[in-house]
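Working notes, structure below.
The values are calculated or read from the model by the stated rules, or taken from the named source; none is laboratory data. Note that the coordinates shown come from a computational prediction; the quantities given were computed from them, not determined experimentally. Cβ atoms come from the backbone with ideal geometry, glycine included; neighbour counts cover every protein chain shown.
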């Protein structure tokens with residue numbers, strides 16, 4: 001996989017937000033060209049990322065839910081689904097009355113406390129974990 | 001049968017399959033038959049955590065450790081408040097504590113979906129109040145709940161037991177079930193509606209659904225009346241016969257249902 005130094009990754013702030021669980025993670029303002037075959041993999045320390053501690057997550061939008069410009073993320077195995085959900089919610093600038101749902105295998109929702117690394121072990125394929133997400137105003 | 005809804009027989013079949021897996025895990029689910037009725041529901045008790053109110057002194061301070069001050073809607077009269085407001089926002093002190101939960105999965109004929117009812121009490125036996133239950137919702141869903149709590153979890157009379165339970169509103173079940181059902185339809189596969197549904201609603205109220213349910217519990221037998229339909233097509237099932245082949249004639253969903261699950265071999 002290609003690695004991009006910090007200053008060349010246009011979604012750096014949001015990517016680092018995911019990696020560092022920063023509450024101040026912002027959505028990228030630049031338009032990023034989506035290259036499915038070349039995943040963005042920003043690193044916390046340039047060239048020092050340990051692949052064994054991170055897994056690749058591919059995010060796919062469902063229905064009318066906005067599509068994230070960056071779909072492929074490198075996520076620490078210990079990150080929870082909730083953490084990822086919060087990140088996507090901020091990325092999509094969701095409002096208080098909206099709820100994000102995440103699906104594995106398009107057949108169930110993982111618990112928010114579930115670690116993505118465990119999901120990857122059980123449901124990962126082709127070296128990545130595919131998660132579908134859906135924005136909804138469920139619960140009334 | 002519309003796209004995202006569940007008929008009662010399929011509900012029972014899905015519950016039975018979930019139950020079998022629960023037995024293999026000793027996960028605690030049981031099927032409860034209502035006396036003198038064909039109806040039943042899944043039941044499970046479990047210990048979890050919740051936020052319960054602790055005792056406050058006159059200054060509103062609590063001696064309990066690990067307390068967190070939360071703002072919540074309070075619907076009782078405050079005698080010290082000159083306004084005599086019925087509804088006011090008060091600063092409450094709550095702490096994380098062990099809560100005894102009792103979960104029931106019922107079928108709703110009117111919504112044609114499963115519905116999650118539950119009770120919650122402290123280990124001392126005190127029932128949690130509605131506000132405490134709202135405070136205990138998993139943080140992942142709390143913001144959405146706080147936006148409109150009355151639309152999410154309220155207290156209602158249990159349809160079969162007549163007792164007061166908390167209930168997670170089913171009116172938007174279709175919205176979160178739709179992505180899964182549509183994908184299953186597109187890929188010519190089925191899902192276990194109850195397992196999928198429970199994986200979404202369970203964690204909201206502290207009910208853990210082990211991952212193995214999502215991989216080990218099979219789907220119910222495919223029947224025309226239970227197959228999901230594309231939203232744009234006719235609501236009628238494609239088969240000319242609305243009767244599922246494996247059971248006795250299917251009465252309307254509001255009528256008594258086929259024999260109890262308990263008669264089936266475990």
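Return the residue satisfying two criteria in turn: it lies in segment B:163-185 and is under 13 Å from the mean Cα position of the chain (by Cα) and under 27 Å from residue A:84 (Cα atoms), and of such residues it is farthest from the other protein chains (Cβ to nearest Cβ).
B:170
Looking at segment B:111-162 only, could you name the residues that are within 10 Å of chain A (Cβ to nearest Cβ) and out of contact with any helix residue (DSSP H, G or I) (no Cβ under 8 Å at 6 or more places or on another chain)?
B:143, B:144, B:147, B:148, B:150, B:151
Test residue B:72 against the stated conditions and say whether it is at pLDDT below 90, more than 14 Å from chain A (Cβ to nearest Cβ) and in contact with a helix residue (DSSP H, G or I) (Cβ under 6 Å, 6 or more places away or on another chain).
yes
For residue B:91, state whether it is at pLDDT below 95 and either in a helix (DSSP H, G or I) or under 15 Å from the mean Cα position of the chain (by Cα) (or both).
no
Which condition does residue A:71 not pass, out of (1) at pLDDT 95 or above; (2) away from every other protein chain (no Cβ under 14 Å); (3) under 24 Å from residue B:196 (Cβ atoms), if it passes all the others?
Every condition holds for residue A:71 apart from (1).
Please determine whether any residue of segment B:186-198 is surrounded by fewer than 19 Cβ atoms within 10 Å (Cβ to Cβ), more than 7 Å from every other protein chain (Cβ to nearest Cβ), over 15 Å from the mean Cα position of the chain (by Cα) and touching a residue at least 60 places away in the same chain (Cβ under 8 Å).
Looking through segment B:186-198, none of the residues is surrounded by fewer than 19 Cβ atoms within 10 Å (Cβ to Cβ), more than 7 Å from every other protein chain (Cβ to nearest Cβ), over 15 Å from the mean Cα position of the chain (by Cα) and touching a residue at least 60 places away in the same chain (Cβ under 8 Å).
So that you can scan it fast, the table gives a plain yes or no per residue for (1) in a helix (DSSP H, G or I); (2) within 15 Å of residue B:204 (Cα to Cα):
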residue	(1), (2)
B:142	yes, yes
B:162	no, no
B:165	no, no
B:170	no, yes
